[in-house]
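Chemist: Quick one: this structure, given as structure tokens, is what I'll be asking you about.
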Ligand code: HEC
């Protein structure tokens, strides 16, 4: 029985240490005091970048597609938990808001897909470029629906 208890304590301590790591990691990304307003404007910028790329497909204009993809690539890496979320003490809400591993995966994929769109469209492969574009939309929604429970 004693052994079992010790095991539990160890697990709890470990889980706690883990959430502390996630916490301090997001503190780093939040060092510049990323606000709710910053995030909304980054989101709007990404929405615009997506629309730009789509126009570029329809007008068959590489420069517009490329500008949109570059803008998206630059902006997605800025997205962070906001100060209030980082300071939240509710463990479940912290996990929900700062699921750092998942967020990083989404960000990495969006950066990669943006580059793929530029190269595919640049090669004249519009269909492939649009397929990659759709993958980006799904990554956006993974956060909106999956992580944020919208
Ligand atoms: C890491 C999570 C995450 C990812 C990834 C993400 N979003 Fe968001 N998005 C949010 C959150 C959180 C909000 C709500 C903003 C707020 O109120 O702080 C939001 C809101 C928005 C809004 C509404 C902004 C407004 O005016 O209120 C748009 C548009 C948007 N996102 C577009 C995108 C696009 C396009 C992508 C993909 C390229 C994307 N988002 C990827 C978390 C994310």
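The values are calculated or read from the model by the stated rules, or taken from the named source; none is laboratory data. Quick caveat, the model's predicted, so the values are computed rather than measured. Every residue, glycine as well, gets a Cβ built from its backbone with ideal geometry; the counts of neighbours run over all protein chains shown.
Chemist: Can you confirm whether the stretch 65-74 contains a residue that is surrounded by fewer than 18 Cβ atoms within 10 Å (Cβ to Cβ), within 15 Å of the chain's Cα centre (by Cα) and modelled with pLDDT of 95 or more? Give the derivation first.
Modeler: So the first thing to find is which residues in the stretch 65-74 are surrounded by fewer than 18 Cβ atoms within 10 Å (Cβ to Cβ), and the list is 67, 70, 74.
Next cut, within 15 Å of the chain's Cα centre (by Cα) only: 74.
Going one step further and asking which of them are modelled with pLDDT of 95 or more, we end up with 74.
Yes, the stretch 65-74 has at least one match.
Chemist: Tally the residues that are surrounded by fewer than 18 Cβ atoms within 10 Å (Cβ to Cβ) and touching a helix residue (DSSP H, G or I) at 6+ places or on another chain (Cβ under 9 Å), restricting the search to the stretch 31-40.
Modeler: Of the residues in the stretch 31-40, 4 are surrounded by fewer than 18 Cβ atoms within 10 Å (Cβ to Cβ) and touching a helix residue (DSSP H, G or I) at 6+ places or on another chain (Cβ under 9 Å).
Chemist: Can you tell me which residue among 83, 135, 103 is within 9 Å of the ligand (Cβ to nearest atom), at pLDDT 75 or above and surrounded by 14 or more Cβ atoms within 10 Å (Cβ to Cβ)?
Modeler: Matching residue, one of 83, 135, 103: 103.
Chemist: Moving on to the next point. Which number in (1) over 14 Å from residue 136 (Cβ atoms); (2) at pLDDT 95 or above marks the one condition that residue 109 misses?
Modeler: (1)
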